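The values are calculated or read from the model by the stated rules, or taken from the named source; none is laboratory data. Remember, predicted model here, so these are calculated numbers, not experimental data. Note that each Cβ is placed from the backbone with ideal geometry, even for glycine, and that neighbours are counted across all protein chains shown. The accessibility values were calculated without ligands, DNA or RNA, using every heavy atom of the protein model including side chains. Shrake-Rupley method; radii C 1.70, N 1.55, O 1.52, S 1.80 Å.
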Amino acid sequence: MNGRFAPSPTGRLHLGNLRTALIGWLWARSTGGSFLLRFEDLDPAAIRQEHYQTQADDLIALGLEWDHNPIRQTDRIEIYRDVIRQFVASDAVYPCYCSRREVREATQAPNGPWSHGIYPGTCRSLSAGQRQAKEASGRQPALRLRAESISLGFNDLVSGHHTGIVDDFVVQRGDGTPAYNLVVMIDDLNDGIDLVVRADDLVDSTPRQLFVARTLRRPPPEYGHVPLVLNEAGDRLAKRDGAVTLPDRADLGQSSAEVLTMLAASLGLAEPDEPVTAQSLVPRFNPGALPTTPWRIPANAL
Ligand code: GLU
Ligand code: ZN
């Protein structure tokens, strides 16, 4: 199966990111598939230029090599714009003038129309006159895809069956930036990805992404959402937890090879002190035996 790792170059990769990359790489390689590195870099405010390189270097340090050149979404803007134009032409999308604040406040109201984070279609059927009046206020509209709260399910290869309601989600932000749920699917389809391995905090976004594939009349990839890496308190691993990046680990005297052993051991693929290479793990990898609960790292190991 053809896989990919799609980090945002916003900081150094941490153990959780590296472990997800390792699983995706092993899964692709153990099935004879290709593996791509694709940078999700459409949010200029979040990008730190140096991290294209540090993220690539860290994957190489673990032996996770990719095929072709690394991809940057910023090089593909025209591809996304073409799809959006196609959606506009077929009336698959509509402009939404609601502000972020309106959306946020309404989704937080316990019994409001937008409770549960579902956009209720406020701008779905505005008349031409109503749209003009909103335009005149000067607000740049986002574009939302007409999904009309359809329910979409999928069988995750790691975590089982999931179903989610797809609201009319944003495919182009008010500032003109194509949105994550759109571009990730366009890329996965165009890159021939048939296996998406990523952290399971994204499982709830998957039905929206499947709806993009459906709108484009293309078969979607399969998914393997893997459990997060947590700190001792059970929170998602973060920089403040301590030595979570390869340079942090090196400062503690742990080599990249030893980090690989630690990650492999957490997946049941190596003994805690066993020297391994990424390649040597390929024949040991069995997706059916992946852990289905988070890896909790004790504070004294960080
Ligand atoms: N860029 C996302 C992340 O770093 C991953 C998106 C994906 O794999 O679909 O969490
Ligand atoms: Zn709206």
| note | Expected output for the range 273-302 (first residue within 19 Å of LEU252 (Cα to Cα), partner charged (D, E, K, R), Cβ below 6 Å, 6+ apart or cross-chain) is PRO298/GLU232; ALA299/GLU232; LEU302/ASP241
| remark: Cβ pairs under 7 Å, 6+ apart or interchain, first in the range 4-28 and more than 16 Å from ligand 2 (Cβ to nearest atom), second of a type in the set (Phe, Trp, Tyr) and part of a loop (DSSP other than H, G, I, E, B), ordered by first then second residue, are LEU26/PHE285; TRP27/PHE285
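TYR94: hydroxyl-bearing (Ser, Thr, Tyr), open to solvent by less than 50 Å² (accessible area, probe 1.4 Å), within 16 Å of ligand 1 (Cβ to nearest atom) and not in a loop (DSSP other than H, G, I, E, B), yes or no? Working first, answer last.
On the way: hydroxyl-bearing (Ser, Thr, Tyr): yes; open to solvent by less than 50 Å² (accessible area, probe 1.4 Å): yes; within 16 Å of ligand 1 (Cβ to nearest atom): no; not in a loop (DSSP other than H, G, I, E, B): yes.
No: the conditions fail for TYR94.
Do you know which residues across the range 186-217 are of a type in the set (Lys, Arg) and under 25 Å from VAL88 (Cα atoms)?
Going through the range 186-217, the residues of a type in the set (Lys, Arg) turn out to be 198, 208, 214, 217.
Selection gives ARG208, ARG214, ARG217.
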| Considering only residues of the range 123-169 that are touching a Leu at 6+ places or on another chain (Cβ under 7 Å) and of a type in the set (A, V, I, L, M), which is farthest from ARG100 (Cα to Cα)? | VAL158
| field | the range 250-262, residues that are free of Cβ contacts under 8 Å to residues at least 40 places away in the same chain, in a helix (DSSP H, G or I) and either under 14 Å from ASP58 (Cα atoms) or more than 26 Å from the chain's Cα centre (by Cα) (or both) | value | ALA250, ASP251, ALA257, GLU258
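If a residue has to be part of a loop (DSSP other than H, G, I, E, B) and within 12 Å of the chain's Cα centre (by Cα) to count, how many in the range 1-25 make the cut? If you could, list the steps in order and put the result at the bottom.
Our first condition is that a residue be part of a loop (DSSP other than H, G, I, E, B); within the range 1-25, this holds for 1-2, 6-14.
Subsequent filtering for residues that are within 12 Å of the chain's Cα centre (by Cα) retains 6-8.
Looking only at that region, the number is 3.
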| query | Among the residues of the range 187-223, which ones are under 13 Å from the mean Cα position of the chain (by Cα) and β-branched (Val, Ile, Thr)? | reply | VAL196, VAL197, VAL203, THR206
| message | Can you report the number of residues in the range 263-302 which are in a helix (DSSP H, G or I) and open to solvent by less than 40 Å² (accessible area, probe 1.4 Å)? | response | 8
